[in-house]
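Visitor: Quick one: this structure, given as structure tokens, is what I'll be asking you about.
The values are calculated or read from the model by the stated rules, or taken from the named source; none is laboratory data. The shown structure was predicted, so the numbers you read here are calculated from the model rather than taken from an experiment. Virtual Cβ from ideal backbone geometry, glycine too; neighbours counted across all protein chains shown. All accessible areas refer to the heavy atoms of the entire protein, side chains included, with ligands and DNA or RNA removed. Shrake-Rupley method; radii C 1.70, N 1.55, O 1.52, S 1.80 Å.
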Amino acid sequence: MDRHIATRLRERRLLLGLSQADLAALIGVSYQQLQKYEAGENRIAACRLYEIARSLRTPVAWFYDGLDRWEAHWSSHHPLVQELVQSFAEIGDATQQQAVIQMIRALTPR
């Protein structure tokens, strides 16, 4: 969900012809913070998303449009995703979770 919202944020900013610096100034964050929002590296708090939506002249719901298609794609085309997520959530140790993420990144072609 966070990545979907991040993608929609970037789409809307580009639709309006704003640079990252322009939008960052409008919402009162640093350029680097906006980059992290758009990359999905940092979650966008609800109050911040509201402020972003106002600055981009769009309803907050716009950022969620298409999310159901994204979820349907992953659940129907990748049946192992649900099992992976459930197993990952059952790992109680944050260090072990981080190790799993690093392993997946190492196996993922970039």
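Visitor: At 1.4 Å probe size, with every protein chain present, just tell me what the per residue accessible area of the chain comes to in Å².
Guide: 71
Visitor: Evaluate the charge dipole of the chain about its Cα centre and quote only its size in Debye, nearest 20, assuming +1 on the Cβ of each Lys and Arg and -1 on the Cβ of each Asp and Glu.
Guide: 440
Visitor: Read phi for every residue in segment 28-33 and hand back ³J(HN,Hα) as whole Hz from Karplus 6.51 cos²θ - 1.76 cosθ + 1.60, θ = phi - 60°, with x for Gly and Pro.
Guide: x, 10, 6, 4, 5, 5
Visitor: Let me have the 222 nm mean residue ellipticity of the chain computed from DSSP H runs of 4+ only, each contributing -39500 (n - 2.57), with the sum over all residues rounded to the nearest 500.
Guide: -21000 deg cm²/dmol
Visitor: Charges on Cβ only, +1 for Lys and Arg, -1 for Asp and Glu, centred on the Cα centroid of the chain; of 98, 85, 42, which one is farthest towards the dipole's positive end?
Guide: Checking the options against the dipole of the chain, the answer is 42.
Visitor: For the chain, what relative contact order do you get, as a whole percent, if you take Cα pairs closer than 8 Å and at least 6 residues apart?
Guide: With pairs under 8 Å counted, the relative contact order is 24 percent.
Visitor: Here's another thing I want to ask about it. Quick one: Karplus J couplings for segment 38-52, per residue in order, coefficients 6.51, -1.76, 1.60, θ = phi - 60°, nearest Hz, x for Gly and Pro?
Guide: 5, 7, x, 6, 10, 5, 9, 5, 4, 5, 6, 4, 4, 5, 5
Visitor: Got a number for carbon plus sulfur as a percent of the chain's accessible area, 1.4 Å probe?
Guide: Roughly 55 percent, rounded to a whole number.
Visitor: Could you tally the net charge around residue 38, taking each other residue with its Cβ under 14 Å from the Cβ of residue 38, Lys/Arg +1 and Asp/Glu -1?
Guide: +4
Visitor: Could you identify which residue out of 26, 84, 18 has the top mean-square fluctuation in a GNM of the chain using Cα springs shorter than 10 Å?
Guide: Most flexible of the set in this elastic network: 84.
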